[in-house]
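Asker: Let me give you the structure first, and then I'll get to my questions.
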Amino acid sequence: MDVLAGLLEGPRARGAFMIRACFEPPWSVRIADEAPLSVMIMVSGEAWILPETGETGETGETGDTGDTGDTGDSGGGGDTGADKPRHLRPGDISIARGTTSYVCADDPATPPRAEIGPGQVCRPLGPEHVGRYQEFGVREWGESPDAPVKMLIGTYQLRGELTARLLDALPTLLVLPTEVWRCPLTPLLDDEISREGPAQDVVLDRLLDLLLISSLRAWFSRPEADAPAWYRAMGDPVVGQALRLIQDTPAHPWTVTELADRSGVSRAALARRFTDLVGEPPMTYLTRWRLALAADLLREADSTVASIARRVGYGSAFALSTAFKREYGLSPQDYRS
């Protein structure tokens, strides 16, 4: 199992919010739903995403909109440029993480007319906008089903610890322009989102998962993505082998010596190389990986703390609880609650 697969394998969408949003220019909506992750695909028309800065709720400075809208650079790595407006065209995909609010509009100058809050509750921003946006079909929302601007939106409602390790490595906002990666799932998601068949929510959840994984694979493959250290380290013949051993069998009683032997180098060489490339020693990484797995397994109501401890490499529930509380500040039972 590679690192990206391991981080995405545990938490999955469970009843994710899915909708097709349709707008008539001019339009502008403030997103303040506090969701940990949202994915948006432009189907038709164009849009601007304007991250808000400071405590006043003001959007980032637009400057020369011709430059900031250059989608050839829109998927850049790290948080560099995360506070700048981003221009979306048909086929472009954006991923927004964290709880910071932002504005999505037809033009950076259009003031917000509605706000989406926690629980995806919409409220108009001013009496003149009451009734402007409403539901008009199965998972369809906006002004009119015939509006020229259409986007598909999928929002994860929960944040699992394994996902957190990945999301913390992502910029606040990333954009994949269609010139870089054309998503093959868009037509299927667009077709399924308005259906109401048996287990439709499960179908949409899985499609959203596939869309997220495919998008992140495409983003991490870009040279400017500034991929996290653990991802880059997978390409190293020594450290990559050690990472795979840890992730494939976290319950094994690993030592640095055994990891070094299995990776074909000395103990000192592995410790030094692992720390240099990953940013933390092998045993620290192993502990954090085990505890992240435990945190995700605590979502399974039928799993006892003792059984989870055995699955992630701890000899007893007490040993896991001690390490878990030291890492997260809560006991496993309190964390589960």
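Asker: I'd like to know if region 239-249 contains one or more residues that are free of Cβ contacts under 8 Å to residues at least 24 places away in the same chain and acidic (D, E). Break it down stepwise before answering.
Answerer: Initial filter on region 239-249 (free of Cβ contacts under 8 Å to residues at least 24 places away in the same chain): 240-241, 245, 249.
Next, from what is left, pick out any that are acidic (D, E): none.
No, because not a single residue in region 239-249 is free of Cβ contacts under 8 Å to residues at least 24 places away in the same chain and acidic (D, E).
Asker: Among the listed residues I93, I116, which satisfies the condition of being within 19 Å of T178 (Cα to Cα), surrounded by 18 or more Cβ atoms within 10 Å (Cβ to Cβ), aliphatic (A, V, I, L, M) and modelled with pLDDT of 90 or more?
Answerer: On the way: I116 fails: within 19 Å of T178 (Cα to Cα).
Selected residue: I93, the only one of I93, I116 that is within 19 Å of T178 (Cα to Cα), surrounded by 18 or more Cβ atoms within 10 Å (Cβ to Cβ), aliphatic (A, V, I, L, M) and modelled with pLDDT of 90 or more.
Asker: Related question: If A109 satisfies every condition in (1) at pLDDT below 90; (2) on the phi < 0 side of the Ramachandran plot but one, which is the exception?
Answerer: (1) is the only condition that A109 fails.
Asker: Could you list all residues from region 322-337 that are farther than 11 Å from L291 by Cβ and either of a type in the set (G, A, S) or open to solvent by less than 30 Å² (accessible area, probe 1.4 Å) (or both)?
Answerer: Those that are farther than 11 Å from L291 by Cβ and either of a type in the set (G, A, S) or open to solvent by less than 30 Å² (accessible area, probe 1.4 Å) (or both): G329, S331, S337.
Asker: L174: outside any strand (DSSP E or B), open to solvent by less than 30 Å² (accessible area, probe 1.4 Å) and either in contact with a Ser or Thr (Cβ under 8 Å, 6 or more places away or on another chain) or at pLDDT 75 or above (or both), yes or no? Can you show your working first?
Answerer: Details: outside any strand (DSSP E or B): no; open to solvent by less than 30 Å² (accessible area, probe 1.4 Å): yes; either in contact with a Ser or Thr (Cβ under 8 Å, 6 or more places away or on another chain) or at pLDDT 75 or above (or both): yes.
Judged against the criteria, L174 is not a match.
Asker: Further, regarding this structure: Scanning region 296-321 for residues that are under 21 Å from the mean Cα position of the chain (by Cα) and either under 23 Å from T255 (Cβ atoms) or of a type in the set (A, V, I, L, M) (or both), which turns out surrounded by the fewest Cβ atoms within 10 Å (Cβ to Cβ)?
Answerer: Restricting to residues being under 21 Å from the mean Cα position of the chain (by Cα) and either under 23 Å from T255 (Cβ atoms) or of a type in the set (A, V, I, L, M) (or both), the top hit is L298.
Asker: Now for a separate question. Got at least one residue in region 72-90 being open to solvent by 50 Å² or more (accessible area, probe 1.4 Å) and either more than 23 Å from W219 (Cα to Cα) or at pLDDT 90 or above (or both)?
Answerer: The answer is yes; a qualifying residue exists.
Asker: Now, a different point. Kindly provide the set of residues from region 123-148 that are touching an Asp or Glu at 6+ places or on another chain (Cβ under 7 Å), part of a strand (DSSP E or B) and surrounded by 16 or more Cβ atoms within 10 Å (Cβ to Cβ), ordered by number.
Answerer: W141
Asker: Any residue in region 294-314 that is farther than 20 Å from R326 by Cα and free of Cβ contacts under 8 Å to residues at least 40 places away in the same chain sitting within a Cβ distance under 8 Å of a residue that is open to solvent by less than 70 Å² (accessible area, probe 1.4 Å) and of a type outside the set (S, T, N, Q)? List the pairs, counting only those 6 or more apart or interchain.
Answerer: Close Cβ pairs (under 8 Å, with a partner that is open to solvent by less than 70 Å² (accessible area, probe 1.4 Å) and of a type outside the set (S, T, N, Q)) amount to S303/L297.
Asker: Moving to a separate point now. Applying the selection to region 219-233, what residues are open to solvent by 20 Å² or more (accessible area, probe 1.4 Å), part of a helix (DSSP H, G or I) and closer than 22 Å to A96 by Cβ?
Answerer: Hits for region 219-233 are E224, Y231.
Asker: Which is surrounded by 14 or more Cβ atoms within 10 Å (Cβ to Cβ) and touching a Gly at 6+ places or on another chain (Cβ under 9 Å), of L216, L185, L189?
Answerer: Values: L216 fails: touching a Gly at 6+ places or on another chain (Cβ under 9 Å); L185 fails: touching a Gly at 6+ places or on another chain (Cβ under 9 Å).
When all the criteria are applied, what remains is L189.
Asker: Only residues that are under 16 Å from A251 (Cβ atoms), open to solvent by 20 Å² or more (accessible area, probe 1.4 Å) and not β-branched (V, I, T): list them for region 269-295, please.
Answerer: Within region 269-295, M283, R288, R290, L293 qualify.
Asker: Separate question: Identify, by number, the condition in (1) closer than 15 Å to S331 by Cα; (2) touching a residue at least 24 places away in the same chain (Cβ under 8 Å) that R288 doesn't meet.
Answerer: (1)
Asker: How about region 257-267: which of its residues are assigned to a helix (DSSP H, G or I), open to solvent by less than 60 Å² (accessible area, probe 1.4 Å) and not polar (S, T, N, Q)? Working first, answer last.
Answerer: Narrowing region 257-267 to residues assigned to a helix (DSSP H, G or I): 257-263, 267.
So of that shortlist, the ones also open to solvent by less than 60 Å² (accessible area, probe 1.4 Å) come out as 258-260, 263.
Correct list: E258, L259, A260.
The values are calculated or read from the model by the stated rules, or taken from the named source; none is laboratory data. Remember, predicted model here, so these are calculated numbers, not experimental data. Note that we place each Cβ from the backbone using ideal geometry, even for glycine, and neighbour counts take in every protein chain shown. Keep in mind that these areas ignore ligands, DNA and RNA; they rest on the heavy atoms of the full protein, side chains included. Shrake-Rupley method; radii C 1.70, N 1.55, O 1.52, S 1.80 Å.
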